[in-house]
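Taking it in order: structure first as structure tokens, then the write-up.
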Amino acid sequence: MSQRIAAMVFALACGACSTMSPEQCRNADWRQVGYADGVEGYPGSRIQDHASACAASNVTPDLTAYLAGRADGLRIYCQPEKGFDVGRKGRPDNAGDCPEPMRSAFLEQYQRGRQINAIESEISSLSSSLENERRMQRRNDDRIDEIRKELGRQNLDPARRNTLLEEMNRIVERKEDNGRRRLRLQRDIDDAQRRLDDRLRGFGR
């Protein structure tokens with residue numbers, strides 16, 4: 001039974017990794033497949049992935065049709081605006097197969113997109129750190145509320161009272177440190193956002 005389950009899991013995993021299903025392989029318009037891959041900027045080796053996926057169905061890709069379609073698709077992918085979009089998303093440029101007259105403009109915009117991606121990634125990281133500090137602040141506030149409630153109890157043991165007061169003093173100190181970190185992070189975010197806005201304006205966006 002365990003071997004059957006393992007085989008099923010393996011089959012599912014292979015299916016998830018395949019670029020095409022058996023039905024897609026049997027009904028493929030290879031020029032259209034190539035066009036779709038070209039539009040997405042996939043490298044030329046993508047056809048090998050399709051061939052592997054379709055081997056079990058005894059289907060061999062039509063390489064001539066695929067390459068013709070991919071060439072058409074690359075003319076869409078290799079537009080400068082697409083280069084900026086790909087760079088901004090932090091993806092590889094895959095510009096090696098772009099037609100020579102289009103490659104330079106594509107890569108120029110791609111590099112601009114990468115600059116924007118770097119600043120946006122910085123803002124995202126800073127924002128995540130700021131949110132962590134805010135969560136810590138909320139936990140500190142909640143704990144102080146709990147301590148105050150306990151301190152308000154009648155007949156509270158003096159030793160316990162001292163322990164609670166010492167803990168609250170430590171939390172207050174942590175809150176002050178936390179507040180300074182939050183201010184610093186917010187300043188860094190604001191600075192990065194200004195740099196992002198300036199860079200986008202400089203790029204005419």
Exercise. Check ALA105 against each of (1) assigned to a loop (DSSP other than H, G, I, E, B); (2) in contact with a Pro (Cβ under 8 Å, 6 or more places away or on another chain) and name the one condition it does not meet.
Key: (1)
Exercise. Identify, by number, the condition in (1) surrounded by 12 or more Cβ atoms within 10 Å (Cβ to Cβ); (2) without any contact (Cβ under 8 Å) to a residue 60 or more places away in the chain that SER127 doesn't meet.
Key: (2)
Self-check item: Residue list for the stretch 1-34, filter: within 25 Å of the chain's Cα centre (by Cα) and at pLDDT 50 or above
Solution: CYS17, SER18, THR19, MET20
Quiz prompt | Filter result for the condition that a residue is assigned by TED's automatic domain parsing to the domain that holds ARG184 and not small (Gly, Ala, Ser), over LEU107, LEU130 | solution = LEU130
Exercise. Filter the stretch 69-114 down to the residues that are among the polar types (S, T, N, Q) and crowded, with 17+ Cβ neighbours inside 10 Å, then identify the one that is modelled with the lowest pLDDT.
Key: ASN94
Self-check item: So ASP197, is it free of Cβ contacts under 8 Å to residues at least 12 places away in the same chain and under 30 Å from VAL86 (Cβ atoms)
Solution: yes
Quiz item: Can you find even one residue in the stretch 157-177 that is loosely packed, with under 13 Cβ neighbours inside 10 Å and not in a helix (DSSP H, G or I)?
Solution: yes
Quiz item: Out of curiosity, is ALA53 assigned to a helix (DSSP H, G or I), at pLDDT 90 or above and buried (at least 18 other Cβ atoms within 10 Å of the Cβ)?
Solution: yes
Exercise. Tell me, please, whether a residue that is under 28 Å from ASP198 (Cα atoms), outside the structural domain of ARG194 (by TED's automatic domain parsing), touching an Asp or Glu at 6+ places or on another chain (Cβ under 8 Å) and not charged (D, E, K, R) can be found in the stretch 86-99.
Key: yes
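Residue by residue, here is whether (1) touching a Phe, Trp or Tyr at 6+ places or on another chain (Cβ under 9 Å); (2) under 30 Å from ASN27 (Cβ atoms) holds:
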{"position": "GLY73", "(1), (2)": "yes, yes"}
{"position": "ASP93", "(1), (2)": "yes, no"}
{"position": "ARG103", "(1), (2)": "no, no"}
{"position": "ALA118", "(1), (2)": "no, no"}
Quiz item: Could you count how many residues in the stretch 35-88 are under 25 Å from the mean Cα position of the chain (by Cα) and among the aliphatic types (A, V, I, L, M)?
Solution: 5
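The values are calculated or read from the model by the stated rules, or taken from the named source; none is laboratory data. Fair warning: this is a prediction, and the values are worked out from it, not measured in the lab. We place every Cβ from the backbone using ideal geometry, glycine too, and count neighbours over all the protein chains shown.
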